[in-house]
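Below: one structure, written as structure tokens.
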Amino acid sequence: MFRLVKQLWIETADFKKPIINLGACFFEISKGGISKEVILNHWSFLMEHSFVEQVSENPPQYQFTEKGKRIQTEKDALDSISGL
């Protein structure tokens, strides 16, 4: 999951911009050998647990919530998962 969060940071320029090109983020992660199914499961987890929220439907845009911005390391991601 941290790989997805890290790629989303890049997309948002460290939380300064919304996440606009979600497909490109997923593609970049999949090039590292992670299956589409796993990536989508991680994305669903982030959405379901309010780490990321949708801010616009047309065009679809997302942003990290304050809770999501606290994930700065892989350990933070693991702690967030285990704390739920």
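Can you give the extra length, in nm with one decimal, that the chain gains between Ile81 and Lys69 once fully stretched, where that is 0.36 nm per residue apart less the Cα-Cα distance? Don't jump to the answer; show the numbers that get you there.
Numbers: separation 12, 0.36 × 12 = 4.32 nm, distance 1.44 nm.
Taking Ile81 through Lys69 to full extension adds about 2.9 nm, to one decimal.
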*In whole angstrom, and with the biggest value first, how far do the Cα coordinates of region 1-41 range along each principal axis?*
28, 17, 17
_Residues listed by number, region 12-32, amide nitrogen under 17 Å from Phe45 label point at 7 Å toward C-beta_ = 26, 29-30
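Going from most exposed to least, what order do Ser82, Ser50 have by accessible area with a 1.4 Å probe?
The ranking, largest first, comes out as Ser82, Ser50.
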_Percentage, to the nearest whole number, of Cα pairs in the chain over 20 Å apart_ = 26 percent
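At 1.4 Å probe size, with the rest of the protein present, what percent of the exposed accessible area of region 1-66 is carbon and sulfur atoms?
Working: 2030 of 3990 Å².
Reported share for carbon and sulfur atoms: 51 percent.
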*Can you give the relative contact order of the chain as a percent, counting alpha carbon pairs under 8 Å and 6+ residues apart?*
28 percent
_Accessible solvent surface per residue of the chain, calculated while the other protein chains remain in place, 1.4 angstrom probe, Å²_ = 63 Å²
*Would you mind calculating the gained length between Ser30 and Glu53 on full extension (0.36 nm times residue separation, minus the Cα-Cα distance), in nm to one decimal?*
6.1 nm
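The values are calculated or read from the model by the stated rules, or taken from the named source; none is laboratory data. Source: prediction; values computed, not measured. Cβ atoms come from the backbone with ideal geometry, glycine included; neighbour counts cover every protein chain shown. Just the protein is used for accessible areas: all its heavy atoms, side chains included, with ligands, DNA and RNA removed. Shrake-Rupley method; radii C 1.70, N 1.55, O 1.52, S 1.80 Å.
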